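> Sending over a structure as structure tokens; questions will come in a sec.
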Amino acid sequence: MSIVFALATPASKSALCVFRVSGDGCLKVLGSIFGNPPIEPRRFYHSSLISQSGVIDSVGVVFFKGSSGYTGEDSFEVYAHGGLAVMGSVVDLFKELDFDEAGPGEFTKRAFLNNKLSLSEAESVVDVINASSKEVLEVSLNSLSGGFSEELYSFSERVDTLRKFIEGSIDFSDEDYDFIKEGGVVDDISCLCADFGGFVNKCYLAGEGELKKMVLFVGPPNSGKSSLFNRLLGSDRALVSDIPGTTRDLIESEVFYNNSSFGVLDSAGIRSTEDVVEGKGIELTIAHIKDVDVVVGVFDSLCDKELNKIKALAGGKNFISVLNKSDLGVFNKDGLFDVLVSAKNGDGVTELKNKISLVSENAGPDGQKYFARSRHIKLFDEGLGFLEAAMFKLRSGSDVELAAEDLRFARASFDEVVGVKTSDSLLGDIFSDFCIGK
Ligand SMILES: Nc1nc2c(ncn2[C@@H]2O[C@H](COP(=O)(O)OP(=O)(O)OP(=O)(O)O)[C@@H](O)[C@H]2O)c(=O)[nH]1
Ligand SMILES: [Mg+2]
């Protein structure tokens, strides 16, 4: 594999930046580009980094030999000052050395190809990075630490043992397969299916990009959705005016609160309108409700008809009703609304944030142990289907050879999850979601 490099930290001004280099042969350059070249692997050295035109920066450097590093091949990391000029000079230096720029997820892909990680572990690296709540982080880390792959390997072994037993029985038993039908094999497969079902139930499935919980602000025009949205962000992100129908489009941002973060979306006020653009904005809002985790209905009057209309639009989604403009003297008569706030002076906004984070946490993993992707669930269903097919054939006493074949297919489905069998295009799809430098 070629030698690749990447900036592993964001390309913006910061205290430090980290460059990664990986590929057999990359360590040959250490003596020429570092004033104080590192001698021992996995030890941190302080050195100058030098190009042909002189010293680039005073840096930290650490190198790894073969399988001791993340990628499973020779690699080194450079910790430089996080200035844009420094970053530019380091990139120039690596290009002069004929290193290639790494693509997204290149380092993790190499770790997989060099057997440092299973494919599902490699996938969970990106889930750990994307996790925006402690709960999602926990299930992603469980998958990354190998528990998910190990459980799956043990199911694969059980499938293999059963298949070998059936194949062995075929060789030795002429035509009487009754002992398979009546013996423990069918029971064993049934028990395996039940245990596997239990394992699948321990997996938390979030769709692509759903690691971040999304909260949508909806409500009648002029109720103060954009003002509340801005108040939550702490900045004037959305335009506010006293003209109903100010917001036309969905406006997205992110709020960090209580160790977790959620995406928030401001939207066009819902009303019947002749204005084509405003109408499109309203359609967009309604269409978007199905994609979010929490709907926050914002109102500025005690109209329960309006409240019920918006609540009905939210369907079965988690719904929080907010009465805004408390500073104008509106009050939450009979506790009709969940929260009373003032976007203007901030009253009640902490209570609203607490409610949102509570509700969005509930929308996350519910006691599940591992994070799973739709790719995994599809393969689990496939594997389970083959196990059931094998069981059916054995019970009916027909096609015993084909039952063994079904077990082989079930094993292949499990193998595909951990990456024993993968195609280049699947790898391309998986690693394209990663950041450069990971
Ligand atoms: N007094 C008071 N006025 C508010 C409050 N929140 C919003 N407003 C005012 O209400 C008007 C409408 O506010 P927006 O935030 O633009 O309302 P909106 O719901 O986003 O309106 P549309 O985008 O048109 O649907 C503006 O004049 C705001 O200054 C509040 O808590 N108190
Ligand atoms: Mg608005």
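The values are calculated or read from the model by the stated rules, or taken from the named source; none is laboratory data. As the structure is a prediction and not an experimental result, all values here were calculated from the model. Counting neighbours? That spans all protein chains shown, and the Cβs are built from the backbone with ideal geometry, glycine included.
> Might you let me know whether segment 267-275 holds any residue that is on the phi < 0 side of the Ramachandran plot, at pLDDT below 85, more than 16 Å from ligand 2 (Cβ to nearest atom) and out of contact with any Pro (no Cβ under 6 Å at 6 or more places or on another chain)?
Looking through segment 267-275, at least one residue is on the phi < 0 side of the Ramachandran plot, at pLDDT below 85, more than 16 Å from ligand 2 (Cβ to nearest atom) and out of contact with any Pro (no Cβ under 6 Å at 6 or more places or on another chain).
> Can you tell me which residue among Ser47, Ser22 is under 18 Å from Phe107 (Cα atoms), surrounded by 13 or more Cβ atoms within 10 Å (Cβ to Cβ), hydroxyl-bearing (Ser, Thr, Tyr) and in contact with a Phe, Trp or Tyr (Cβ under 8 Å, 6 or more places away or on another chain)?
Ser22
> Condition first: in contact (Cβ under 8 Å) with a residue 24 or more places away in the chain and not in a loop (DSSP other than H, G, I, E, B). Now tell me which residues in segment 318-327 satisfy that.
Within segment 318-327, Asn318, Phe319, Ile320, Ser321, Val322, Leu323 meet the criteria.
> Right, next: Surrounded by fewer than 17 Cβ atoms within 10 Å (Cβ to Cβ) and touching a residue at least 12 places away in the same chain (Cβ under 8 Å): is that true of Lys369 in this structure?
So Lys369 fails the test.
> Right, another one. Does segment 294-317 hold any residues that are in a loop (DSSP other than H, G, I, E, B) and closer than 27 Å to Asn345 by Cα, and which are they?
Across segment 294-317, the qualifying residues are Asp300, Ser301, Leu302, Cys303.
> What pairs come up if the first residue lies in segment 296-307 and is closer than 15 Å to Asp334 by Cα, the second is of a type outside the set (A, V, I, L, M), and their beta carbons are under 7 Å apart, counting only those six or more places apart or on different chains?
From residues that are closer than 15 Å to Asp334 by Cα, the pairs are Leu302/Lys333; Leu307/Gly297; Leu307/Phe299; Leu307/Ser321.
> Mind listing just one residue for me: the one in segment 244-266 that is near ligand 1 (Cβ under 7 Å from one of its atoms) and at pLDDT 85 or above and, of those, surrounded by the fewest Cβ atoms within 10 Å (Cβ to Cβ)?
Thr246
> Give segment 252-266 a look and list any residue that's within 16 Å of ligand 2 (Cβ to nearest atom) and either acidic (Asp, Glu) or part of a loop (DSSP other than H, G, I, E, B) (or both), or say none.
Looking only at segment 252-266, we keep the residues that are within 16 Å of ligand 2 (Cβ to nearest atom), and these are 252-253, 264-266.
Hits for segment 252-266 are Glu252, Asp266.
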